[in-house]
Amino acid sequence: MKTTIIGFPRVGSLRELKFASEKYFRNEITAQELEQTAQQLRAAHWNLQKEAGIGLIPVNDFSFYDNMLDTAVLFGAVPKRYRDLHLSELDTYFAMARGYQGTQGDVKAFAMKKWFNTNYHYMVPEIADDTQIFLTGTKPFSEWQEAKQQGISGKPVLIGPFTFLRLAKYTGEKTAEDFADEAAAAYCTYLEKWNELGAEWVEFDEPCLVMDLTAAEIDLFRRLYQKILAAKGSVRVLLQTYFGDVRDCYSTVCKLAFDGIGLDFLEGKQSLSLVQANGFPKEKVLFAGVVNGKNIWRNRYDKTRKLVEQLKPFCGEIVLNTSCSLLHVPYTLRHEKKLAEEYRKHFAFAEEKLTELSELSRILDAADPAETAAYQKNAALFAESRNCSNAAVQEKVAALTASDFVRLPAFAEREKIQHAEFQLPFLPTTTIGSFPQTAEVRANRAAFRKGEITEAEYVQFNRRKIAECVKVQEEIGLDVLVHGEFERNDMVEYFGECLDGYLFTEKAWVQSYGTRCVKPPVVWGDISRAKPMTVDWSVYAQSLTKKPMKGMLTGPVTILNWSFPREDISLQACAYQIALAIREEVLDLEKNGIRMIQVDEAALREKLPLRKSDWQSDYLSWAIPAFRLVHSGVKPETQIHTHMCYSEFADIIREIDDMDADVITFEASRSDLTILDVLQENNFRTEVGPGVYDIHSPRVPSVEEIQTAIKKMLKRIPKEKLWVNPDCGLKTRGEAETRPSLKHMVQAAAACRNAK
Ligand code: GLN
Ligand code: ZN
């Protein structure tokens, strides 16, 4: 059986691409040197796949920043404001990705959004009425040729036209429909080019097909591909879907002239039954996504074998595939030096998944799979007990009752009590929590981790940073302060390391956006809090100021969503376990004099199921209660804040209000401000701080700009409910831009107060 993957992580096993790119941004290396690193990485990744025996090796899965952005550039969708900078091709690309502020001008970056239900973010292409979509770039072709020189006839992968048009933002009057013909023509030219070059398979990724689709959308999909497939010539076209099943358009997909169809049999709850109920066109190749591209547990071979055996009667050729791109898992277990074998043997990262695919292919080809060593070893692994349960934790979860999820008194009464308690000016200013993670901050943590400095030295350094941070905030004039989160590598990993039941890794990075990577911890067993996790830092920070110091925690849903979850208990059970642990921390903070506590639920929105019919049953029914469980035990005067990244929660606005926090801050500046209308229409009860400037870019916003944003907000949000803050935490920013940005923010808030 042949094997393939959809994409391989591109930042490199030691994040080489991240570091090279950042050096390039700082002008420390040339574009050529950056390109060299990229080439080496691509070569290494192809080679790994070749050695593992992967039959169809993807090309163009590489990206300097993001594949959606690559696709926009490939088809000439570069907005005028970036072209007008007259930068090199690469720098124009990075200007779209990161914004640009320099001698050539001042432009903001493209908007960024979560890629379906993952923690990866894509750049949202912009299409204006006068945008012309046609093939202008060469990236896929040159990468293919690069692979060719290495003796690899690659499978070029590209975001398909349906997903591209559907996820793009239309800045004028025109819509996706209006660009359908042009886009189809551009993809035809793309296929012609592959005919010239002689590629065997060409893959189009259409993850949008796993969402709820209207008849009009299915029709658009059909029309696009009728045109495109007419131009396929002698290349074979693979339609690849992932992150779910294609129940709304299965028959349409089967009828079109694709040569291969890629289905996800893991997240696609109905993929198997769709094939069983409707059959599968025998002349097409089924690319069966059976190895999990999103989680790090080993594949269970007996299960996978059974699944493939169930598919066989319906299909001609089957190619074994991952369920989605391996972009969403870490690169390799090889660098995990500290992970004991008893744990390690249960995991497979990207590299190990390549081996799984080839082992599976051999197992499925064998006359008697049970005879193969790989199969036996795998069966033995899954027969073992993992030794991961904690009876006390399970009992606590089982004993929860309805009242554990309700905070009293009700919101309105608390709001009054808190206004009297804190006496904040209207439009209170604050930040989201983290301050710049400078090189010395990271070096301090690293030195401590490696045992190069003592705990006392480590703590002393962080205390100094906290003191500086408090001083800076007081100088700037912020109303509600934070300690700066210098002790945290990452808002989830930090808690993972403090909680029992978690495992953490050394180098298991996963790309989050651009050069930013996260290292999700692994939920290994039942979760509990071994000891206070943040109390000392917060208490120290509060001791330095009379202003309220926000305690800073990560919420259970986010901790879970940004971890690699267990597959042997439900997400709900796991979320409640984490919630109980965070609840203990909340109560400890309160007991120690912290009067405002922020519980970040940055990732609550992102795991909302892609299909609306699953929202309540699969997710919200436990995610919202998990958050409530965290804070239902605090006093009325303790103010609970929460923060969410991204503002796309219009459709769950009621549930967000129902989390019953006192204040919520969220991203708003990079997306349009339509969320404000939604808040107004729904009489949003929670006090809100929609971010007034974008922290994902080093650009310093002007006072006027921020003032304009606040004024817009004041039109929709009652002034006594509005907070003023940046979009998100400042950890990815430099100190140089942070101070002026915050100063401008405080000045803008003051100006708005005075104008009233
Ligand atoms: N408190 C966190 C910080 O400021 C929140 C980060 C996030 O929302 N991603 O970094
Ligand atoms: Zn955020």
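Return the residues of the stretch 548-587 that are away from ligand 2 (no atom under 16 Å from the Cβ) and in a loop (DSSP other than H, G, I, E, B); say none if nothing qualifies. Once the filter is applied, which keeps residues that are away from ligand 2 (no atom under 16 Å from the Cβ) and in a loop (DSSP other than H, G, I, E, B), the stretch 548-587 yields 548, 563, 565, 566, 567, 568, 569, 570.
Is it the case that some residue within the stretch 27-40 is assigned to a helix (DSSP H, G or I), under 25 Å from the mean Cα position of the chain (by Cα), at pLDDT 95 or above and surrounded by 22 or more Cβ atoms within 10 Å (Cβ to Cβ)? No, that holds for no residue. Could you list, in sequence order, the residues of the stretch 481-526 that are among the charged types (D, E, K, R), more than 24 Å from residue 726 (Cα to Cα) and within 14 Å of the chain's Cα centre (by Cα)? Selection gives 519 alone. One residue alone among 162, 141, 179 is crowded, with 18+ Cβ neighbours inside 10 Å, modelled with pLDDT of 95 or more, more than 21 Å from residue 124 (Cβ to Cβ) and of a type outside the set (D, E, K, R), and that residue is 141. Which numbered condition in (1) more than 21 Å from residue 163 (Cα to Cα); (2) open to solvent by less than 10 Å² (accessible area, probe 1.4 Å) is the only one that residue 83 fails? So the condition that residue 83 fails would be (2). Can you confirm whether the stretch 732-744 contains a residue that is open to solvent by less than 10 Å² (accessible area, probe 1.4 Å), small (Gly, Ala, Ser), within 16 Å of ligand 2 (Cβ to nearest atom) and not in a helix (DSSP H, G or I)? Within the stretch 732-744, not a single residue is open to solvent by less than 10 Å² (accessible area, probe 1.4 Å), small (Gly, Ala, Ser), within 16 Å of ligand 2 (Cβ to nearest atom) and not in a helix (DSSP H, G or I). Put simply, of 692, 678, 700 the only residue that is buried (at least 23 other Cβ atoms within 10 Å of the Cβ) and outside any strand (DSSP E or B) is 692. Of all residues in the stretch 585-605, those satisfying the criterion of being open to solvent by 10 Å² or more (accessible area, probe 1.4 Å) and either of a type in the set (Lys, Arg) or in contact with a Pro (Cβ under 8 Å, 6 or more places away or on another chain) (or both) are 588, 591, 595, 605. Filtering the stretch 538-572 down to residues that are touching a strand residue (DSSP E or B) at 6+ places or on another chain (Cβ under 6 Å) and open to solvent by 50 Å² or more (accessible area, probe 1.4 Å), which residue is farthest from residue 631 (Cα to Cα)? Ranking the candidates gives 567 first.
Across the stretch 434-459, what is the number of residues that are surrounded by fewer than 12 Cβ atoms within 10 Å (Cβ to Cβ) and of a type in the set (Gly, Ala, Ser)? Summing the residues that are surrounded by fewer than 12 Cβ atoms within 10 Å (Cβ to Cβ) and of a type in the set (Gly, Ala, Ser) in the stretch 434-459 gives 3. Is there a residue in the stretch 640-660 that is crowded, with 19+ Cβ neighbours inside 10 Å, under 21 Å from residue 431 (Cβ atoms), away from ligand 2 (no atom under 16 Å from the Cβ) and of a type outside the set (A, V, I, L, M, F, W, C)? Taking every residue of the stretch 640-660 in turn, none turns out to be crowded, with 19+ Cβ neighbours inside 10 Å, under 21 Å from residue 431 (Cβ atoms), away from ligand 2 (no atom under 16 Å from the Cβ) and of a type outside the set (A, V, I, L, M, F, W, C).
Scanning the stretch 378-403 for residues that are touching a helix residue (DSSP H, G or I) at 6+ places or on another chain (Cβ under 9 Å) and in a helix (DSSP H, G or I) yields 378, 379, 382, 393, 394, 396, 397.
I need the full set of residues from the stretch 1-23 which are part of a helix (DSSP H, G or I), touching a helix residue (DSSP H, G or I) at 6+ places or on another chain (Cβ under 8 Å) and in contact (Cβ under 8 Å) with a residue 60 or more places away in the chain, in order please. Matches in the stretch 1-23: 17, 21. What about residue 264, is it open to solvent by 40 Å² or more (accessible area, probe 1.4 Å) and either more than 20 Å from residue 315 (Cβ to Cβ) or within 24 Å of the chain's Cα centre (by Cα) (or both)? In short, no.
The values are calculated or read from the model by the stated rules, or taken from the named source; none is laboratory data. Quick caveat: nothing in here was measured; it's all calculated off a predicted structure. Cβ coordinates were reconstructed from backbone atoms using ideal geometry, including for glycine residues, and neighbour counts include every protein chain displayed. For the accessible areas, the whole protein counts, side chains as well, though only heavy atoms, and no ligand, DNA or RNA atoms are used. Shrake-Rupley method; radii C 1.70, N 1.55, O 1.52, S 1.80 Å.
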